[in-house]
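Contents: one structure, followed by commentary.
Values in this text are rule-based calculations from the coordinates and carry no lab data. Model, not experiment: these values are computed from the prediction. When we count neighbours, we look across all protein chains shown, and the Cβ atoms used for this are built from the backbone with ideal geometry, even at glycine.
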Amino acid sequence: MMGTAMTVPLRDNGHEVRLVGTPLDEGIIAEVKRTGIHPTLRRSVPDGVQPYPVEQLQQALANTDLLIAGVSSFGVEWFSDTVLPLLAETPLPVLAVTKGLAGQEDGTVLPFPHLWHRRQPAGGESSFQAIGGPCTSYELADRRHSAVVFCGDDQERLDFLRSLLETSYYHISISTDVIGVESAVALKNAYAVGITMTVGLLQREEGIGCREAYNPQAAIFGQCMREISELVTLFGGLEHSIAYGVSDLYVTVYGGRTRKLGILLGRGLSYADAKSELDGVTLESVAICTAAASALRRLAEAGEACLDRFPLLLHIDEVINRGQPVNIPWKRFVRRDLQQAERHRGCSPRPQT
């Protein structure tokens, strides 16, 4: 859906746009061809956008200046196996809307642009960039004001991509801190589950439709910011990049599939039952939580991280991947100012001089 929404600013800027479906999108591409409407996005595709089935991907790539990768985090492997080989002979700048992190065996995480760079065929010269920040596909397609960040390793190339896509309503910042931006905007999906668990817990106690309580959500939001800030730097990013994740977290908490998952878990459903009720919904928050928690535990085993600093992430992981009931560890969020002020990888604060 986001890939299709991206055609709106592109067409508004007068570019030729070709929309290619994945193997899962045959019905969508057929409907776009027949009616001009994306059936899931429920919006008209801009005039002039040319739809292609995946079998015609190579044809669609001919004489293009930019490839926007609109796959979800679950489509990253398919993109690696299917699309990257096609770029070997005709390298292109790739701009990904995908938000996620790939866990590595050594406890590190890779943003998808870096993962695809490693996986492109030997001698491949394509460049890989990504989009972060709060932007839903529905509102972009409706031309609502949206502020995002394009991140990549080359400032000049990022400026070029911005020139293609920036409009009066689509506002683009630039960052070369790929790991920082991508970590922040990916982690917000996992942490949004924690915030919305409090909504479900209240509904369990007082009934669905009860008056919403904001103190618990705000308290968890603060804990999210503390943990995301530390994780961003732990993974090798710059702390100021957390700002892109903060705004993205706001949007995610107030709508979407991650909110639904957190509420169902808070009501008392197991992850398996919640997933069943959300049948067909892509739960990127689960993949990101799993990758981040796994990387964190490996770093802790190596003595490079302290698990005590991340009680919320670990609890979300325990609920999703270990079958634990929701029982938010409120008392573990309380820290002395000295401990909270410390930004380092060990568990004990540095001695004061």
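Key figures
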read-out	value
Cα centroid separation - the range 298-327 against the range 28-64, whole Å	42 Å
Relative contact order of the range 186-341, pairs being alpha-carbon contacts under 8 Å that are 6 or more residues apart, as %	33 percent
Dipole magnitude of the range 2-176, debye to nearest 20 (Cβ charges: Lys/Arg +1, Asp/Glu -1, about Cα centre)	520 debye
Beta bridges per DSSP with both ends in the range 2-176, % antiparallel, nearest 5	35 percent
Table column - 3J(HN,Hα) (Hz), the range 202-209, Karplus curve with 6.51, -1.76, 1.60, x for Gly and Pro	5, 5, 5, 7, 10, x, 4, x
About the Cα centre, charge dipole magnitude for the range 151-301 (Lys/Arg +1, Asp/Glu -1 at Cβ), debye	540 debye
Under-5 Å amide H pairs with residue 17, H placed in peptide plane, nonlocal only	50
Extended-chain gain in nm, criterion 0.36 nm per residue less alpha-carbon gap, residue 159 and residue 250	30.1 nm
Residue order, fewest to most beta carbons within 10 Å, for 289, 151, 306, 210	210, 306, 289, 151
Positive-pole candidate from 264, 300, 186, dipole of the range 186-341, charges at beta carbon	264
Signed unit charges on C-beta, dipole axis of the chain, positive-most listed residue 252, 330, 103	330
As computed over the chain, the Cα convex hull volume per residue (Å³)	153 Å³
Label point distance in nm, residue 327-residue 26, each placed 7 Å from Cα along Cα→Cβ	4.8 nm
Residue-wise HN-Hα coupling along the range 46-52, computed from phi with Karplus coefficients 6.51, -1.76, 1.60 (Hz; x: Gly, Pro)	x, 4, x, 6, 9, x, 10
Partners for residue 188 among aspartates and glutamates (Cα-Cα distance below 20 Å; same-chain residues under 8 apart left out)	139, 177, 227, 230, 239, 248, 284, 308, 317, 318
Dipole moment magnitude, nearest 20 debye, the chain about Cα centre, only Lys, Arg, Asp, Glu C-beta charged	1080 debye
Gaussian network model of the chain, springs between alpha carbon atoms under 10 Å - residue of 258, 82, 108 with greatest fluctuation	82
